[in-house]
Amino acid sequence: MGVAIRGTGSALPEKILTNQDLEKMVDTTDEWIRQRTGMRERHIAEKETVPSLAASACERALENAGKKAEDVELIIVATCTTEMLLPCAACRVQKKLGADKAIAFDINAACGGFLFALNTAHHYIEAGACRNALVVGSEVLSEIIDWTDRSTCVLFGDGAGAVYVEETTKGERSCIIGMSQGSSGMNGQMLYCRGRAVKGETEPEIDSDDLLVHMSGSEVYRFAVRQVPVCIGRALDSAGIGTDDVDIFVLHQANSRIIESIAKTLKADIDRFPMNIERTGNTSSASIPILLDELNRAGRIQKGQTVVLSGFGAGMTYGACVVVW
Ligand code: ACO
């Protein structure tokens, strides 16, 4: 039995924070941010939350697939920034959608989370544990960012993206045909956050610096440009195809230079690597499904085309998935 992506959806917070706004907050320039990252603006949650963004993205994915929430059997939310420890974001999405039949739980693999969630849903469906799933990446990173640290605060944005996946019908060609994922816990110090404040409030005895993201940008950069092409290669091998067979690479939108370097290593034309990083920044686990939704709705992915999804994140984690659309 195969698993196909039937619908996509995404949601971005209303508020936009531009590079010019950041120039007024920290010692940075629009030119530095654009040249080093490819970003011009990002969306920042004010009233939106991880579950509210996730639920909006899911509603759009269900609408896109022509499906009803009450028939959803599994909801997996990939997130590392949910506002409440309990209940998990997926159960709160279930409540918002009224998807009372679904099994719902979260996965935290940071920016790699969406691919880990998609892989899990794939295995649930293949094993016959359910017939369909909503797989979501949703993040409000702005809550755990140090807004006084120019080396991290310019990079991230908030948002959510979702796909509705379903078991294929007999003889259908559209399905997930290859996957690969991995973790490198020994590199965990490259990007970490010890805890988080609930809506910015901390106990006086807790060092608030501990509740924010710390990152060695250059180490993360080197890890990504080395590991992602290897991971994509493994996923393509598992699908029995090569780089030339891929029509579109939808990569985690962390930095346009990382994406350009990966394209070069794979010897693939950069035109096959669409980006929306200019408008969204790095939305962590949400970046791949947000871009996928934009491409799907713009008609840039045609039925029968081969699409590679791939990303990396804190942990370090990395994953890739090959889909025939
Ligand atoms: N504005 C101006 N100058 C800056 C800024 C800024 N916003 N940030 C850093 N600088 C300065 C540095 O202080 C440094 O100055 P110095 O030479 O005087 O010391 C200089 O710019 C160069 O800094 P580098 O860190 O070497 O710059 P680099 O070219 O590596 O780019 C960047 C930094 C953009 C962070 C890059 O390393 C990167 O994108 N890394 C990957 C980060 C990433 O993807 N993180 C997310 C992972 S996914 C997840 O799980 C959340």
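General remarks:
- Identity of the residue in the range 224-258, more than 16 Å from the ligand (Cβ to nearest atom) and β-branched (Val, Ile, Thr), that ends up farthest from the chain's Cα centre (by Cα): Ile241
- Contacts under 9 angstrom Cβ, first residue in the range 265-285 being in the same structural domain as Arg300 (by TED's automatic domain parsing) and open to solvent by 20 Å² or more (accessible area, probe 1.4 Å), partner within 15 Å of the ligand (Cβ to nearest atom) and assigned to a loop (DSSP other than H, G, I, E, B), 6 or more apart: Met275/Gly38; Met275/Gln253; Glu278/Gly38; Glu278/Met39; Glu278/Arg40; Arg279/Met39; Arg279/Arg40; Arg279/Gly157
- Taken as a whole, the condition of being within 12 Å of the ligand (Cβ to nearest atom), over 23 Å from His43 (Cβ atoms), surrounded by fewer than 22 Cβ atoms within 10 Å (Cβ to Cβ) and assigned by TED's automatic domain parsing to the domain that holds Ser216 applies to Ser261.
- All positions within the range 7-31 that are within 16 Å of the ligand (Cβ to nearest atom), without any contact (Cβ under 8 Å) to a residue 40 or more places away in the chain and charged (D, E, K, R): Asp21, Glu23, Lys24, Asp30, Glu31
- Qualifying residue in the range 203-216 (condition: open to solvent by 60 Å² or more (accessible area, probe 1.4 Å), modelled with pLDDT under 95 and within 16 Å of the ligand (Cβ to nearest atom)): no
- Of all residues making up the range 137-192, the number that are surrounded by 17 or more Cβ atoms within 10 Å (Cβ to Cβ) and either away from the ligand (no atom under 16 Å from the Cβ) or assigned to a strand (DSSP E or B) (or both): 23
- Qualifying residue in the range 52-67 (condition: assigned to a loop (DSSP other than H, G, I, E, B) and either within 16 Å of the ligand (Cβ to nearest atom) or at pLDDT 95 or above (or both)): yes
- Flag for Val26 being among the β-branched types (Val, Ile, Thr), closer than 16 Å to Leu141 by Cα and not in a helix (DSSP H, G or I): no
- For beta carbons closer than 7 Å, sequence separation of 6+ or different chains, a first residue in the range 164-175 that is modelled with pLDDT under 90 and a second that is aliphatic (A, V, I, L, M) and surrounded by fewer than 19 Cβ atoms within 10 Å (Cβ to Cβ), there are no qualifying pairs.
- Those residues of the range 77-115 which are of a type in the set (Val, Ile, Thr) and assigned to a loop (DSSP other than H, G, I, E, B), in sequence order: Thr79, Thr81, Thr82
- Residues that are without any contact (Cβ under 8 Å) to a residue 60 or more places away in the chain and open to solvent by 20 Å² or more (accessible area, probe 1.4 Å) within the range 35-65 comprise Gln35, Glu46, Lys47, Ser52, Glu59, Glu63, listed in sequence order.
- Inter-residue pairs, beta-carbon under 9 Å, first within 16 Å of Cys80 (Cβ to Cβ) and in the range 110-133, second of a type in the set (Phe, Trp, Tyr) and within 16 Å of the ligand (Cβ to nearest atom), 6+ apart: Ala110/Phe312; Cys111/Phe312; Gly112/Phe312; Gly112/Tyr318; Leu115/Tyr318
- Across the range 1-21, not a single residue is classified as hydrophobic (A, V, I, L, M, F, W, C), more than 18 Å from the chain's Cα centre (by Cα) and assigned to a helix (DSSP H, G or I).
The values are calculated or read from the model by the stated rules, or taken from the named source; none is laboratory data. Note that the coordinates shown come from a computational prediction; the quantities given were computed from them, not determined experimentally. Note that each Cβ is placed from the backbone with ideal geometry, even for glycine, and that neighbours are counted across all protein chains shown. Note: areas computed on protein heavy atoms with side chains; ligands, DNA, RNA excluded. Shrake-Rupley method; radii C 1.70, N 1.55, O 1.52, S 1.80 Å.
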